[in-house]
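Step one of this worksheet: look at the structure below.
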Amino acid sequence: MGKRRTAAALLCALLLTGCAGSGAVEADGTAQITEEVKYVALTFDDGPRRATTTRLLDGLKERGAAATFFLVGEEIAGNEDLIRRMAEEGHQVGNHTWSHMRLENASPETVRQEIQRTDEALDAILGPGSYWLRPPYGLLPAKAETLIPVPMVKWSVDPRDWESRDTKKVTDAILKAVKPNSIILLHDIYPTSVDAALQVVDTLQAQGYWFVTVEELLTINGIKPEKGVMYRSGDLPA
Ligand code: NI
């Protein structure tokens with residue numbers, strides 16, 4: 001793991017500092033980058049929601065942590081400023097369908113529309129881009145590998161925050177299950193989930209974790225994201 005991991009850590013430092021001379025990387029390219037660097041991705045579904053998402057963005061900014069937001073198209077109107085803020089502050093913005101639809105048994109045409117409508121709304125706010133998909137409930141439509149025009153993201157840690165809505169339970173469940181390269185599923189529409197997320201950032205940063213976007217997590221691990229493929233963590237496929 002030595003060489004690849006060191007190269008990956010360096011790549012991340014470059015990604016996070018925008019390749020500018022921040023002092024994090026010295027002339028030999030290895031200073032201050034250790035084997036102990038651990039990466040993890042927080043992901044938030046079902047938003048944006050003004051009060052909770054704003055508080056989350058404030059907390060992430062304060063901590064220098066990046067995250068990934070999978071947005072429901074129907075929630076976008078009126079929250080354009082929050083979405084612009086996500087992108088400006090280094091977060092990844094993705095697609096969670098237009099109406100939070102179960103794609104499992106939907107027709108190909110419906111699947112295409114559900115994705116395209118949100119994609120167009122994001123294009124209008126952020127400019128054309130590759131807005132990765134988290135299918136609601138993690139359920140794939142038939143023939144996803146040819147139907148879905150972007151990489152897809154599932155998760156490896158699910159604290160079921162929507163069920164308990166209990167900050168301590170959610171925090172404990174994440175800290176018990178998390179490991180380097182985890183993708184953590186949360187929902188930024190619950191105050192308890194925002195509190196849990198920020199507590200998790202504080203605890204894991206103290207343990208040497210860096211919070212990166214899903215795209216960064218894959219890149220750091222040498223994974224080249226492909227359209228129509230679902231990614232569950234930053235670990236290389238077995
Ligand atoms: Ni959802």
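The values are calculated or read from the model by the stated rules, or taken from the named source; none is laboratory data. Owing to the predicted nature of the structure, the values given are computational and were not obtained by experimental measurement. Ideal geometry is used to build each Cβ from the backbone, glycine not excepted, and the neighbour counts take in all protein chains shown.
PRO237 - would you say it is surrounded by fewer than 19 Cβ atoms within 10 Å (Cβ to Cβ), touching a Leu at 6+ places or on another chain (Cβ under 9 Å) and more than 28 Å from ARG55 (Cβ to Cβ)? Judged against the criteria, PRO237 is not a match.
Assess whether LEU175 counts as being touching a residue at least 12 places away in the same chain (Cβ under 8 Å), farther than 20 Å from VAL72 by Cβ and in a helix (DSSP H, G or I).
yes
Of all the listed residues (PRO159, PRO191), the sole one being surrounded by fewer than 22 Cβ atoms within 10 Å (Cβ to Cβ) and within 21 Å of LEU60 (Cα to Cα) is PRO191.
Do the conditions hold for ARG134, that is, is it surrounded by 22 or more Cβ atoms within 10 Å (Cβ to Cβ) and within 14 Å of the ligand (Cβ to nearest atom)? Yes; evaluated as a whole, the condition is true for this residue. Look at region 215-238: where a residue is over 14 Å from ILE184 (Cα atoms) and a partner is among the acidic types (Asp, Glu) and outside any helix (DSSP H, G or I), sitting 6+ places away or on another chain with Cβ atoms under 9 Å, you get ASN221/ASP235; ILE223/ASP235. So which residues in region 86-107 are within 11 Å of the ligand (Cβ to nearest atom) and surrounded by 15 or more Cβ atoms within 10 Å (Cβ to Cβ), if there are any at all? Listed by number, the residues that qualify are HIS96, THR97, HIS100, MET101.
Taking residues in region 75-98 that are under 11 Å from PRO48 (Cα atoms) and in a helix (DSSP H, G or I), and partners anywhere that are among the hydrophobic types (A, V, I, L, M, F, W, C) and modelled with pLDDT of 95 or more, the pairs with Cβ atoms closer than 6 Å and at least 6 places apart or on different chains are GLU80/ILE125; ILE83/ILE125; MET86/PHE69; MET86/VAL93.
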